[in-house]
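The block underneath contains the structure these notes are about, expressed in structure tokens.
The values are calculated or read from the model by the stated rules, or taken from the named source; none is laboratory data. This one's a predicted model, so the numbers in the text were calculated from it and none came from an experiment. No Cβ is skipped: glycine too gets one built from the backbone with ideal geometry, and neighbour counts run over all protein chains shown. Accessible surface areas use protein heavy atoms only, side chains included; no ligands, DNA or RNA. Shrake-Rupley method; radii C 1.70, N 1.55, O 1.52, S 1.80 Å.
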Amino acid sequence: MSDIGAPKLVRAPALRRALAGTPWRRFIILAGFALVWELYARWLDNGLLLPTLGATLSALWSAILSGELPNRALTSLRVLITGYALGVVIAAVLTTFAALSRWGNEALGLLTSMFNPLPAIALLPIALLWFGVGTPSLIFVIVHSVLWPVALACYGGFLAVPPTLRMAGRNLGLSGGRFVAEILVPAAFPQILSGLRMGWAFAWRTLIAAELVFGVSARSGGIGWFIYTNRAQLETASVFAGLLTVILIGLLVEGVIFRTLTRITVQRWGQVQT
Amino acid sequence: MNVAPRLTGLAGDKASPTLLELDRVSISYPTSDGILTAVEDVSFRISAGERLVLLGPSGCGKSTLLRAVGGFLKPSAGEVRMNGRRIGAPGPDRMTVFQEFDQLLPWRTVLGNVRYALERGRALSRRDAEQIARRWLERVGLKNFVDAFPHTLSGGMKQRVAIARAFALEPALLLMDEPFAALDALTRRQMQDELLRLCEETGNTALFVTHGIDEAIRVGTRILALTPHPGRLAATFDVPPETRARGTAGFGELERRIQETVFSAPEIGHV
């Protein structure tokens, strides 16, 4: 049989490719925003209400150099990752169960519709009662904030797997856990990925909020605690530095980890448009 | 009906042993309006080496029958037996090529799709599976595309991958569910020719579902025509090898005969 030839591709010129991307536009918007901030803060001239961008950055820099901010951030991230991983694992177990049995299916549907609208932070008082002031309470609310959106996304993804693909899998004699792991999960990966993304965003917000509500002990608090104590001491520039850190970490995870994950998986597989 | 060419459908090639047997199979399923009977009382046999085509208009239950043979759904009455044993679940001994292009795993490359199927369906080691997969992809003309992901391929190429995957598993019975129906006419013709060649080279037994008379004559050794609502066997046609070439007198004659017996609705074809 005659082979089908490979298609020819011509690359666009480098300059046009660079201009077609979005980074430079974002950079200009960001610079404009920074300029407005700086000018307005100078005009306001009230460091207690709104420190200048320069003051914020220098507070950020000294907090990083002193090792306080990195320590706080690490504390937060450690709690976050523990809770996130736990939430994802529980979500995986629940959805597997739901994909394989009618009872599991109903249970998951009921639980997600009940708990998904409940803000995780609203569970904090209960968590404090059950687990006391400390990391376990934080992990509890984070698990709650991750579990439901991830489970919902996974389950929706499983339902959306085309019947032909399911049959192709079963045709190979796959069933049970192997069918879920090797057919359903990769087939539903676009939805799972967006669920993980959403779960991450919820978890991060929930954590910072929870840390703001109760400070743990001064030594072991996270970024939320850093923001809270600095506000109490009227170190507004440091408060802003803390907020900036929250944003930066959020951006980093979203822009680096999740974007890379998207690029090497669903984008490569043609399951989402770029 | 006044036309009655060999209505039984039970006469296979008596020289070869029976591979698959459908014994008075009826299939019905519940819909919102009640229970719909898709197939009623269908019996036929497939002997080893045969290529049986189920031919009929849409609604005649031909795909439903194929699903039952594949083990994807259970007959509500009757039995489907393979080598004398009742068919329960789907399995790689009955590899199916579906009509839909999304039968390939989008997260695996062309090679990965075939290799994975071999690893799971035939329990081969990765190395052996890869070797066989490469050989089959070469046979269907996809040597240059082994590392491509399915979404970059045209419809015809995706079907080639599915065909390579199905043949590579060396199924006892190859099931084809209108595999070329979603292709353009030119590609379809080419694929029919290539499929015929692969079938003749391997001597694979196949059950092929289509609504195209020319396709049925081209790829089949025997044609079972079905009538719709509910699906029933209407007629059997043997396709002699010399009739298989397009444009020959025999091809046209058989095409006309099938057209007359099966597709002419009484109220139109009465005159």
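Sparse packing (at most 16 other Cβ atoms within 10 Å of the Cβ) combined with a DSSP loop state is found for the following trypsin sites (Lys or Arg not before Pro) in the stretch B:172-271: B:ARG246. Note on chain A: with a GNM built from Cα contacts shorter than 10 Å, the maximum mean-square fluctuation among A:SER145, A:SER76, A:SER62 falls on A:SER62. List for the stretch B:144-190: residues with 10 Å² or greater reduction in accessible area, all protein chains versus chain alone, probe 1.4 Å? For the stretch B:144-190, once contacts with the other chains are taken into account, B:ASN144, B:PHE145, B:PHE149, B:HIS151, B:MET157, B:ARG160, B:ARG165 lose 10 Å² or more. When all alpha carbon pairs of the stretch B:100-170 are counted in 10 Å bins from zero, the resulting P(r) reads 24, 61, 15 %. Simple spin-label estimate for B:ASP41 and B:ALA245 gives 4.3 nm between the two label positions (7 Å along the Cα-to-Cβ direction from each Cα).
With a Förster radius of 35 Å applied to the beta-carbon distance between A:LEU19 and A:TRP43, the computed FRET efficiency rounds to 0.50. The count of lysine pairs in the protein assembly as shown with alpha-carbon distances below 20 Å, taking only pairs 8 or more places apart or on different chains, stands at 4. Amide H to amide H, with H built 1.01 Å from N, B:ARG51 comes under 5 Å of B:ALA206, B:THR221, B:ARG222, counting only residues 5 or more places away or on other chains. Rounded to the nearest Hz, the phi-derived 3J(HN,Hα) couplings of the stretch A:27-42 under the Karplus curve 6.51 cos²θ - 1.76 cosθ + 1.60 (θ = phi - 60°) are 4, 5, 4, 5, 4, x, 4, 4, 5, 4, 4, 4, 5, 5, 4, 5, where x marks glycine and proline. Note on A:ARG11 and B:ASN144: the model spin-label points, each 7 Å out from Cα along the C-beta direction, lie 2.1 nm apart. Taken over the alpha carbons of the protein assembly as shown as equal point scatterers, the Debye sum produces base-10 log I(q)/I(0) values at 0.11, 0.12 Å⁻¹ of -1.02, -1.13. Per residue, the convex hull spanned by the Cα atoms of the stretch A:54-267 amounts to 129 cubic angstrom. Interface burial in the stretch B:93-113, defined as at least 40 Å² less accessible area with all protein chains than with the chain alone at a 1.4 Å probe, covers B:PHE98, B:ASP102, B:PRO106, B:TRP107. Largest accessible area first, the listed residues B:LYS158, B:LYS143, B:LYS74, B:LYS62 line up as B:LYS74, B:LYS143, B:LYS158, B:LYS62 when surface is computed with a 1.4 Å probe on the assembled protein chains.
Ignoring ligands, DNA and RNA, what percent of the 1.4 Å accessible area of the stretch B:100-170 is carbon and sulfur?
Details: 1150 of 2750 Å².
With neighbouring chains kept in place, the figure for the stretch B:100-170 is 42 percent.
Extension gain for the segment B:ARG197 to B:HIS229, taken as residue separation times 0.36 nm less the Cα-Cα distance, is 8.1 nm to one decimal.
If each DSSP helix of 4+ residues adds -39,500 (n - 2.57) and the sum is divided by the residues in chain B, what number results at 222 nm, nearest 500 deg cm²/dmol? Mind dumping the intermediate values first?
Working: 8 runs with 88 residues, N = 271.
Value at 222 nm, helices only, nearest 500: -10000 deg cm²/dmol.
Counting only heavy atoms of the protein chains, get the accessible area per residue of chain B (1.4 Å probe) and round it to a whole Å² value.
Values: 11870 Å² over 271 residues.
Heavy-atom SASA per residue in chain B reads 44 Å².
Just to verify a number: what accessible area does B:SER58 come out at with the full protein assembly present, 1.4 Å probe, Å² rounded to tens? Using a 1.4 Å probe on the heavy atoms, I get roughly 100 Å². Computed over chain A with a Gaussian network model linking Cα atoms closer than 10 Å, the most mobile of A:PRO13, A:PRO51, A:PRO119 is A:PRO13.
Can you pull out the buried accessible area for chains A and B, both sides counted, probe 1.4 Å, rounded to the nearest 100 Å²?
Chain pair A/B: roughly 2700 Å² of buried accessible area.
Helix B:185-202 against the longest principal axis of chain B: what's the angle in degrees, Cα atoms only, rounded to the nearest 10? With both axes taken from Cα atoms, the answer is about 80 degrees.
Considering only protein heavy atoms, with the full assembly of protein chains and a 1.4 angstrom probe, order B:MET82, A:MET114 by accessible area, largest first. Display every interim value, and only then the final one.
Values: B:MET82 15, A:MET114 110 Å².
I get A:MET114, B:MET82, largest accessible area first.
GNM on chain B, alpha-carbon springs under 10 angstrom: the most fluctuating residue among B:GLY34, B:GLY78, B:GLY252 is B:GLY34. Helix content alone sets the calculated 222 nm mean residue ellipticity of chain A: runs of n ≥ 4 DSSP H residues at -39500 (n - 2.57) each, divided across all residues, give -22500 deg cm²/dmol. Between B:ALA77 and A:VAL89, the simple label model (points 7 Å from Cα in the Cβ direction) yields a spacing of 5.4 nm.
Restricted to Cα atoms, chain B shows a radius of gyration and a Dmax of 18.7, 64 angstrom.
Please work out the average accessible area per residue across the stretch A:1-124, using the 1.4 Å probe convention, and give it in Å². All intermediate terms of the calculation are to be shown ahead of the outcome.
On the way: 8820 Å² over 124 residues.
Per residue, the stretch A:1-124 has 71 Å² of solvent-accessible surface.
Mind listing, in residue-number order, the residues in the stretch A:146-172 that have at least 20 Å² less accessible area with every protein chain present than in their own chain alone (1.4 Å probe)? Those residues are A:PRO162, A:THR164, A:LEU165, A:MET167, A:ALA168, A:ARG170, A:ASN171, A:LEU172. In the stretch B:150-271, the convex hull through the Cα atoms has an average projected area of 9.2 nm², a quarter of its surface area.
For A:LEU118 and A:SER101 in the same chain, what is the full-extension length gain: residue separation times 0.36 nm, less their Cα-Cα distance, in nm?
Gain in length upon complete extension: 3.5 nm.
When the accessible area of the stretch A:92-189 is computed with all protein chains present and a 1.4 Å probe, what percentage of it is carbon and sulfur? For the stretch A:92-189, the apolar C and S fraction of the accessible surface comes to 71 percent. A dipole drawn for the stretch A:54-267 from +1 and -1 charges on Cβ atoms has a positive end, and of A:LEU174, A:TRP204, A:LEU118 the residue lying farthest that way is A:LEU174.
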